[in-house]
1. Can you name every residue in the stretch 276-302 that is open to solvent by less than 10 Å² (accessible area, probe 1.4 Å) and either free of Cβ contacts under 8 Å to residues at least 60 places away in the same chain or charged (D, E, K, R) (or both)?
2. Counting just the residues of the stretch 263-319 that are among the aromatic types (Phe, Trp, Tyr) and touching a Phe, Trp or Tyr at 6+ places or on another chain (Cβ under 7 Å), which one comes out farthest from residue 190 (Cα to Cα)?
3. Looking at the stretch 332-346, is at least one residue more than 23 Å from residue 263 (Cα to Cα) and surrounded by fewer than 17 Cβ atoms within 10 Å (Cβ to Cβ)?
4. Looking at the stretch 400-429, I want the residues that are farther than 23 Å from residue 202 by Cα and have a partner that is open to solvent by 40 Å² or more (accessible area, probe 1.4 Å) and among the hydroxyl-bearing types (Ser, Thr, Tyr) with Cβ atoms under 7 Å, at least 6 apart or on another chain. Which pairs are those?
5. Need pairs with beta-carbon distance below 7 Å; first residue of a type in the set (Asp, Glu) and within the stretch 310-331, second surrounded by 10 or more Cβ atoms within 10 Å (Cβ to Cβ); sequence gap 6+ or separate chains.
6. Are any of the residues in the stretch 389-404 more than 18 Å from the chain's Cα centre (by Cα) and of a type in the set (Lys, Arg)?
7. From the list 500, 461, 485, 489, which one is hydrophobic (A, V, I, L, M, F, W, C), open to solvent by less than 30 Å² (accessible area, probe 1.4 Å), in contact (Cβ under 8 Å) with a residue 60 or more places away in the chain and in a loop (DSSP other than H, G, I, E, B)?
Amino acid sequence: MRLRMKGTPYKMRWRAKELSLALIILVCTTIFILTWDRSPTLTSTLPSKNQLQLSPDIKTVPVDPKTHVKEDISTLTRGEAVNNKEGQHVDKTHSTNTDKSSSDFEEVTIQKKEAAAKHKHSPKREETNVIESGSDSKLIAETNNVILRGNTSEQEEKSVDHQACDYRKGKWVIDDRRPLYSGHGCKQWLASMWACRMMQRQDFAFEKLRWQPKDCEMEEFQGSKFLKRMKDKTLAFVGDSLGRQQFQSLMCMITASKNSPDVLDVGKDYGLVIPPGGKRPNGWAYQFPSTNTTVLYYWSSTLCDLEPLDILNPQTEYAMHLDRPPAFLRDFLDRIDVLVLNSGHHWNRGKLKANKWIMYVGGKPNTNRRIADMGSAKNFTIHSTLKWLNSQLPTHPHLKAFYRSISPRHFVNGDWNSGGSCNNTIPMSIGKEVLQEESTDQSAASAVKGTRIALLDITALSQVRDEGHISRFSITASPGVQDCLHWCLPGVPDTWNEILFALI
């Protein structure tokens, strides 16, 4: 009895504590529920049923159709895209080791890729946008709650957008504002052998096409903007004749075909003079005095050093040093701010034999059989030159370096000297859209991997433009020989320069 009486007060006090704790929890819960709908902070902590959740991969695409753009000029359906290996105008006949081929050893084919398109957005857009989530499209009405990236300036935002844009993916559209210059008027810079307006070609629909990246806008090229961006700088193209085409295209784009007597020839400053007994210099360099901007081209079709074995013999053979970059790069790299390299179409036995080039490695004739074939020799050289260039970038922090992927050939039913042709003149007849995630030129992509050298990837977007070649209209070709390698200017190389402009 004593134990029962003695324990009762303790038991009552314990129950009182439990009751007090329950009351405190009940009061706190009531306050939380009453303030839930009134507090935006609390509301935003959990997703609402009416709140759209976007994954990091989902971007907005501005719906802002331009009146001057017409989508189609062919009977292609929307589903025809360059993400397969089909393509009736793709040349598949040239061989790696032929003595007769003037084209590169590489086979440029379109790889089959099935990848979902990731959409990017322009952060400054506040108009109606389309949001794609997987395969579903949702229309978002006008909104003012687009979140900008902090306080980033407009110029910085554009720079970020251009760097992030995947210019490889997109489609060709008709643009009434094209071409960017006149094939008739740009005689100061454009070689007549590439000016199709000066030939017998009658159809020029190919001049009206513009490349539209899939998920971003291409920055509009203007000569004044280019010169301002390249103030006190030098841009150099180093490569083969396709590099020369890109150089001439850019000169026409900058001047808009207008005669420019104020532009200075500064080729002597870079050793670009006609050698004794030669017909032309190894390149050209021009300076725009208004902004002290220099644009130059140097011919180096294989991107390796060529050295005469007997300088006193006009018929001498040349050591083709596969492990040395061109002497021009070693001598003038300090003066270059933007560098665009390319190679490919001279890597065949016929070219080496005609030019009397002998492969050298380590200062001696090459004896390594693994390097002896054309494909391996080219890859060895490009990797070697880009490795050297990449090693120079830390001491040249101002330098932006690009390696341009290969420009496709479109010979059908033969090669350049065996009846090959490219007679199609209808734009986009073999396709107009490129959706693949990876580069078509895997050799180029491999060469820049792991370096600070950017890939200027133009292969796939050029692959669907078989109508843009000089074809049978060449004024210098022999009868029956067509040029399905070089492009009419104005033409496809203008797009290469537009992408380059956006990236610099």
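1. Once the filter is applied, which keeps residues that are open to solvent by less than 10 Å² (accessible area, probe 1.4 Å) and either free of Cβ contacts under 8 Å to residues at least 60 places away in the same chain or charged (D, E, K, R) (or both), the stretch 276-302 yields 283, 285.
2. In this case the residue turns out to be 318.
3. No: the stretch 332-346 contains no residue that is more than 23 Å from residue 263 (Cα to Cα) and surrounded by fewer than 17 Cβ atoms within 10 Å (Cβ to Cβ).
4. So the pair list comes out as 414/93; 415/93.
5. Qualifying pairs under 7 Å: 310/316; 317/309; 317/356; 317/358; 323/361; 323/362; 323/384.
6. Of all residues in the stretch 389-404, those more than 18 Å from the chain's Cα centre (by Cα) come to 389-398.
The next check asks that each one be of a type in the set (Lys, Arg); those that pass are none.
No: zero hits.
7. Of the residues listed, the single one that is hydrophobic (A, V, I, L, M, F, W, C), open to solvent by less than 30 Å² (accessible area, probe 1.4 Å), in contact (Cβ under 8 Å) with a residue 60 or more places away in the chain and in a loop (DSSP other than H, G, I, E, B) is 489.
Okay, residues lined up against (1) among the aliphatic types (A, V, I, L, M); (2) open to solvent by 10 Å² or more (accessible area, probe 1.4 Å); (3) in a loop (DSSP other than H, G, I, E, B); (4) under 30 Å from residue 433 (Cα atoms):
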position: 217; (1), (2), (3), (4): no, yes, yes, yes
position: 220; (1), (2), (3), (4): no, yes, yes, yes
position: 227; (1), (2), (3), (4): yes, yes, no, no
position: 243; (1), (2), (3), (4): no, no, no, yes
position: 250; (1), (2), (3), (4): yes, no, no, yes
position: 259; (1), (2), (3), (4): no, yes, yes, no
position: 274; (1), (2), (3), (4): yes, yes, yes, no
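The values are calculated or read from the model by the stated rules, or taken from the named source; none is laboratory data. Predicted model, so just to flag it, every value in this text is computed and none were measured. FYI the Cβ positions are ideal-geometry reconstructions off the backbone, even for glycines, and counts take in every protein chain you see. What goes into the accessible areas is simple: the full protein's heavy atoms, side chains included, and nothing from ligands, DNA or RNA. Shrake-Rupley method; radii C 1.70, N 1.55, O 1.52, S 1.80 Å.
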